[in-house]
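Okay, structure first, notes after.
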Amino acid sequence: MADRRTFNWRDQPGEVRNAREALRDRIRLTRLAVASERFARAFWPLWTLAFVFLALLMFGALTLLPVVWAKVALGGFAVLAAVFAGFGLWKFSWPDLQVAERRIDDALPGRPLAAMDDHQVLGNDDPAAMRVWSVHLRRMAAASLRARTAIPDLKLARHDPWALRLIGVLAVIAAVVFARGDGVSSLRQALAPPPAAQVVATGPTFEAWANPPSYTGKPPLYLSDLVGKGPLTLPEGTGITIRIYGEPQDVGLTEDVSGGLTQLSESAAGIQDAAFLASKDGSLTLNG
């Protein structure tokens with residue numbers, strides 16, 4: 001018979017001690033595997049929330065909200081993160097050696113690691129029984145050397161039946177592929193105070209055309225794009241048309257290419273026109 005009384009396995013036969021030493025690293029790695037499983041099951045809500053939040057930042061979702069509501073949303077995410085982190089810390093526990101050994105033993109026939117922890121109860125004064133027990137321990141020690149480090153089972157379907165964790169993963173992938181911004185600059189922009197109102201200086205705008213005589217075969221010129229590009233050479237008799245958008249008192253026209261006194265006339269509310277023929281060298285100036 002055997003029991004599981006507390007004892008020092010170093011008192012066991014040499015084969016058992018050697019097997020225990022050989023299994024030390026495998027047991028340590030198995031503890032890490034079990035710990036990773038527990039960590040994933042305890043903290044998957046937290047990292048799912050983090051992925052969703054990161055994706056929203058990369059897409060610039062918070063920048064679409066007023067600063068106040070962006071701060072409220074950020075605070076809501078922070079509260080949820082604290083709740084999920086507390087839940088994970090409450091649920092997670094570091095596995096001990098016995099858990100790792102049982103995990104390894106479950107994959108071996110005869111549970112040799114557990115057998116090596118057994119202690120003979122009866123027949124301690126019987127040499128034949130002692131020899132049988134010693135042979136049994138040596139066989140279990142040899143069988144234990146076939147043990148392999150457990151591979152962590154990170155499947156979370158049983159703990160997340162609605163597959164909510166996939167939302168976070170898909171959101172981050174979509175953000176990496178399609179989002180144009182990064183999360184840090186987006187967050188900074190969302191929380192930045194609105195810029196002070198600025199008065200933009202505006203004024204009248206104008207359009208002007210030069211229509212060369214038809215005999216030249218030249219196309220009309222849009223003079224608004226040629227302002228500041230130096231003197232312009234035009235055939236004599238070129239028609240000049242000017243249209244100004246703005247208040248009548250804001251703009252004045254001065255020219256000496258037509259030989260006359262050209263005046264702006266209001267053709268519609270807020271619109272002034274002038275048309276004349278260029279007959280000599282000179283300049284054209286809009287004031288205001």
List, in order, the whole-Hz ³J(HN,Hα) value for each residue of the range 130-139 obtained from phi through the Karplus relation with A = 6.51, B = -1.76, C = 1.60 and θ = phi - 60°; use x for Gly and Pro. 5, 5, 4, 5, 5, 4, 4, 5, 5, 5
Order by protection proxy (mean Cβ within 10 Å, highest first), peptides 50-56, 74-80: 50-56, 74-80
Read phi for every residue in the range 163-176 and hand back ³J(HN,Hα) as whole Hz from Karplus 6.51 cos²θ - 1.76 cosθ + 1.60, θ = phi - 60°, with x for Gly and Pro. 6, 5, 4, 5, 4, x, 5, 5, 5, 5, 4, 5, 5, 5
With r as the distance between the Cβ atoms of Val227 and Leu277 and R0 = 25 Å, compute the FRET efficiency 1/(1 + (r/R0)^6) and round to 0.05. 0.75
What is the packing order of peptides 83-95, 139-151, taking the mean over residues of other C-beta atoms within 10 Å and listing the highest first? 139-151, 83-95
Between Thr205 and Ala85, the two model label points (7 Å from Cα along the beta-carbon direction) sit apart by a distance in nm of 5.2
Need one number: nm distance between label points at Arg146 and Val169, each 7 Å from Cα along Cα→Cβ, rounded to one decimal. 3.4
Find how much the distance from Asp160 to Ala22 grows on full extension, using 0.36 nm per residue of separation minus their present alpha carbon separation; answer in nm with one decimal. 45.9 nm
For Val257, enumerate residues with amide H under 5 Å from its amide H, sequence gap 5+ or separate chain, H modeled in the peptide plane. Ser283
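All of the numbers you see were taken from the coordinates with simple rules; none came from a lab. For clarity, every value in this text was computed on a predicted model and none was experimentally measured. FYI the Cβ positions are ideal-geometry reconstructions off the backbone, even for glycines, and counts take in every protein chain you see.
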